[in-house]
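S.K.: First the structure, which I've put down as structure tokens, then a few questions once you've had a look.
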Amino acid sequence: MDTDPIAPSLEAAPSQAATGSYDVVHAPRLMAGDRGASWVVEGWDLFQQAKVSWLLVALTSVIWLLLLEHYPLLKILDNVFAFAISAGLMLACHANYQRRPFNPAILLTGFSRLHLGRLLGANLVLIGFSLLLSGLVLGDLLWLIAGNQQLQMLVARMAAQADITNPDFLATLAELDQAVSVIGLLLRLTLILLLLLPVFAAAWFAPALIVLGNCDIKTALLYSLQATMKNVLSFLIYGVLLLILALLALLPYHIGYLLLIPVYQLSVYLSYRDIFVN
């Protein structure tokens, strides 16, 4: 079993771990590359054991996403409490794995006082890093836009159109290019995405490590980062397979997402067990 200097912080609640309430997690280990595909396949098998429960959970998730579309202010709450929502989904996966019944109410369990502080804290740390990195790359451009009303109107118009196939969007983009180099802007956005990859990696397993492994914030974020860096090949195969499934789920009428949401969540849970528990 791997050892790690962070490991002692996992002993915060040995009594819970000993009774089976929490997983006893270890330092992330290296998995064979083909496990990336196995997580999806095994996720489908688990889904088959609790189809009705998962379809209700997926339907609840879709309703929430529709609310976000119509009430933009809810997106702020969704971003702030994203880890708590993810934790509820991980607990649903854990119940499925242990063959225990569950229903959509389990999505609220991530908001319990026992875990909410750490889930919220870990999420805010990563939001802070994301804003800092974005500010360093885009700071001067944002300052320019803030002082130019015409640029503000152009950016607002593009955000409202939000469709690169829309002729109006392309016309607005051409106007923006006259004031700000669009190529330069795209290069900056690409740089931001590259810089944010470690942030995404640190976020990947953090909710599961907190709510299932009882990890503290530092341990959850560092272990998640280490796990994704150590298993790049597995996650590359996993990501390609998920992308294919996401495209297939668009047909017909996006209904396939009612199946993809549970399988995706279960695949994340199974990868967590493979890398940190088993």
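S.K.: How much length, in nm to one decimal, is gained on full extension between Leu136 and Leu74, taken as 0.36 nm per residue of separation minus their Cα-Cα distance?
M.R.: Values: separation 62, 0.36 × 62 = 22.32 nm, distance 2.71 nm.
In short, 19.6 nm is gained.
S.K.: Work out from phi, with θ = phi - 60° and the Karplus expression 6.51 cos²θ - 1.76 cosθ + 1.60, the ³J(HN,Hα) of each residue of region 47-64, listed in order in whole Hz, and give x for Gly and Pro.
M.R.: 4, 4, 7, 9, 4, 5, 4, 5, 5, 5, 5, 4, 4, 4, 5, 5, 4, 4
S.K.: Neighbour counts of other C-beta atoms within 10 Å: give me Ser224, Ser234, Ser134 arranged from fewest to most.
M.R.: Ser134, Ser234, Ser224
S.K.: Okay, next question. What are the residues whose amide H is under 5 Å from the amide H of Gly256, where those residues sit 5 or more places off or on another chain and H is modelled from the backbone?
M.R.: Leu251
S.K.: Going by average Cβ neighbours within 10 Å, how do the peptides 246-256, 196-206, 55-65 rank, with the highest at the top? Don't skip to the answer; put the middle values down first.
M.R.: Details: 246-256: 11.4, 196-206: 19.7, 55-65: 16.0.
Highest mean packing first, the order is 196-206, 55-65, 246-256.
S.K.: For a protection proxy built on the mean count of beta-carbon atoms within 10 angstrom, sort 69-82, 39-52 highest first, please. Please report the intermediate quantities before stating the final value.
M.R.: Details: 69-82: 11.6, 39-52: 16.4.
Packing proxy ranking, top to bottom: 39-52, 69-82.
S.K.: Turning to a different aspect of this structure: Please rank His26, His115, fewest neighbouring Cβ atoms within 10 Å first, as an exposure proxy.
M.R.: Neighbour counts put them in this order, fewest first: His26, His115.
S.K.: Could you compute the FRET efficiency for Ile63 and Ser112, with r as their C-beta to C-beta distance and R0 at 22 Å, rounded to 0.05?
M.R.: Working: r = 22 Å, r/R0 = 1.01.
For R0 = 22 Å, the calculated efficiency reads 0.50.
S.K.: Could you give each residue of region 248-258 its phi-based ³J(HN,Hα) in whole Hz, using Karplus coefficients 6.51, -1.76, 1.60 with θ = phi - 60°, and x for Gly or Pro?
M.R.: For region 248-258, the Karplus-derived couplings read 5, 5, 5, 10, x, 6, 6, 5, x, 5, 5 Hz, x marking Gly and Pro.
S.K.: Only counting other Cβ atoms within 10 Å, I'd like Tyr238, Tyr97 sorted with the fewest neighbours first.
M.R.: The fewest-first ordering by Cβ neighbours comes to Tyr97, Tyr238.
S.K.: Which FRET efficiency value, to the nearest 0.05, is calculated for Ile127 and Gln49 with the Förster distance at 30 angstrom and r the Cβ-Cβ distance? Display every interim value, and only then the final one.
M.R.: On the way: r = 35 Å, r/R0 = 1.18.
Efficiency for this residue pair is about 0.25.
S.K.: Step through the residues of region 210-219 one at a time and calculate ³J(HN,Hα) from phi using the Karplus curve (6.51 cos²θ - 1.76 cosθ + 1.60, θ = phi - 60°), rounding each to whole Hz and writing x for Gly and Pro.
M.R.: Coupling constants for region 210-219: 6, 7, 9, x, 6, 7, 7, 4, 4, 4 Hz.
S.K.: Any chance you could tell me what percent of the C-alpha pair distances in region 55-139 go past 22 Å?
M.R.: The answer is 38 percent, as a whole percent.
The numbers here are math on the coordinates, done by the rules we state, and not lab data. Fair warning: this is a prediction, and the values are worked out from it, not measured in the lab. Cβ: placed from backbone, ideal geometry, glycine included. Neighbour counts: every protein chain shown.
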